[in-house]
Amino acid sequence: MLELKNVSFEVTDEKDKQKGILKNVNLVVKNGEFLAITGPNGGGKSTLAKIIAGIEKPTSGKIYFDGKDITEASITERAKMGVSFAFQQPVRFKGIQVKDLIQLASGNSISVANACDILSEVGLCARDYINREVDASLSGGELKRIEIATIIARGTKLCVFDEPEAGIDLWSFKNLIKVFEKMHKEKDSSIMIISHQERILNIADEIVVISGGEISAKGMKKDILPELLQGTGGCKFEQD
C-alpha cells in the first residue's frame, strides 16, 4: 500500500519566490487498486507521479510504502522495493534488443521463452519483436507496450504511468487499454495512471481529481466520472 501524508512541493520561480505545486496532498493507494488521476493541465498531476517514483522529493510531508517511510529513498531504492514509473515518452535504447531490456528489467536471468511470454501479455508478437532494437524504428505505441513488458518482468508492486496516451495513435491507444485491463485483472500490482482520457478513467476503480495542487475530488468511478462528463470537475476532459 502507498500512502502520502500532507505532501507538498514548492519550486523557486524566476523572481526567487516560492511557488506551490502540490499542497498538503493526502492519498492512499490500496494493494491491487487501479487509481486514475486527472485534472487540469498544470494542476500538479505529473509532479505527484514523479514524487512517488522518487524523481522529485517533497518539500514537506511523508510517503509510506508497505508501511515503510520512503520519503528520502532514492529512485533505485524505490525500484527495488517494487515501485515502477513509466514516462510519457519512453526512453529509446539504440543498440539494446528488446529481449535484453526485458532481462535487465527482471533483475534475473530469465529465458528468451519467458521474455516472449511477457511480450505476448502486452499484445506483441514475440517473433517480430524479441530481437528488435529499442530504437527509433519502433512506434510510440510499440514502445509503450515494451515499457509495460519491462514492468511486468520486474513483478512490480506499484505501477505509475504518466499520461500513457501521449503521442500514440488511436489504434495503439485502444490496445493499451486492453493491456491495462488485463494487468488489473490478472496481476496483484496496484496501478496509478495520470490521464485525461475517458476510456482510462472508465476502467479505474477510483478517480482522483487534482486542481491547483490540491485534491479537489476523490471517489469511486461511478460517483466521479459523471461529474467529469458534465464538465463540473474543473478540468478539460478528453473523450474518444
Could you please tell me the mean projected area of the C-alpha convex hull for segment 61-145, averaged over all directions and given in square nanometres to one decimal? 6.9 nm²
How do the peptides 133-145, 191-203, 104-116 rank, highest first, by the average count of neighbouring beta carbon atoms within 10 Å per residue? 191-203, 133-145, 104-116
Quick shape check on segment 107-240: root eigenvalues a ≥ b ≥ c of the Cα gyration tensor, a/c under 1.5 is rounded, otherwise prolate if a/b tops b/c, else oblate, and it reads prolate
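Mean 1/r over all different Cα pairs, inverted: what Kirkwood radius does the chain give, in Å? Before the final figure, lay out the partial values.
Values: mean 1/r = 0.0541 Å⁻¹.
This gives a value of 18.5 Å.
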Distance (nanometres) between label positions extended 7 Å along Cα→Cβ at Phe93 and Leu229: 4.1 nm
Find which of Ile118, Ile152, Asn24 sits farthest along the positive direction of the dipole of segment 4-153, computed with +1 on the beta-carbon of Lys and Arg, -1 on that of Asp and Glu, about the Cα centre. Asn24
May I ask for the angle, rounded to the nearest 10°, between helix 170-186 and the longest principal axis of the chain, with both axes built from Cα atoms and the value confined to 0 to 90°? 90 degrees
Which angle between 0 and 90 degrees, to the nearest 10, do you get for helix 140-154 versus the longest principal axis of the chain when only C-alpha atoms count? 90 degrees
When the dipole is taken about the Cα centre of segment 1-160, and only Lys, Arg (+1) and Asp, Glu (-1) are charged at their Cβ, what size is it in debye, to the nearest 20? 220 debye
Rounded, prolate or oblate: which one fits segment 109-185, using the alpha carbon gyration tensor with axes a ≥ b ≥ c (rounded when a/c is under 1.5, else prolate when a/b beats b/c, else oblate)? oblate
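To make sure I understand, if each residue's beta carbon is the centre and we count other beta carbons within 10 Å, what order do Tyr129, Tyr64 fall in, fewest to most? Walk me through the numbers before you get to the answer.
Details: Tyr129 22, Tyr64 15.
Ranked by crowding around the Cβ, least crowded first: Tyr64, Tyr129.
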If we sort 32-41, 211-220 on the protection proxy, mean other Cβ atoms within 10 Å, highest first, what's the order? 32-41, 211-220
At what distance in nm do the modelled label points of Asn114 and Asp100 sit from each other, each positioned 7 Å from its Cα along Cα→Cβ? 2.0 nm
Among bridges DSSP assigns within the chain, what percent are antiparallel (round to 5)? 55 percent
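Bear in mind these aren't lab numbers, they're just calculated from the coordinates by the rules spelled out. It should be emphasised that the depicted structure is a prediction, and the values quoted were computed from it without experimental measurement. In this analysis, Cβ positions are derived from the backbone assuming ideal geometry, glycine residues included, and neighbour counts consider all displayed protein chains.
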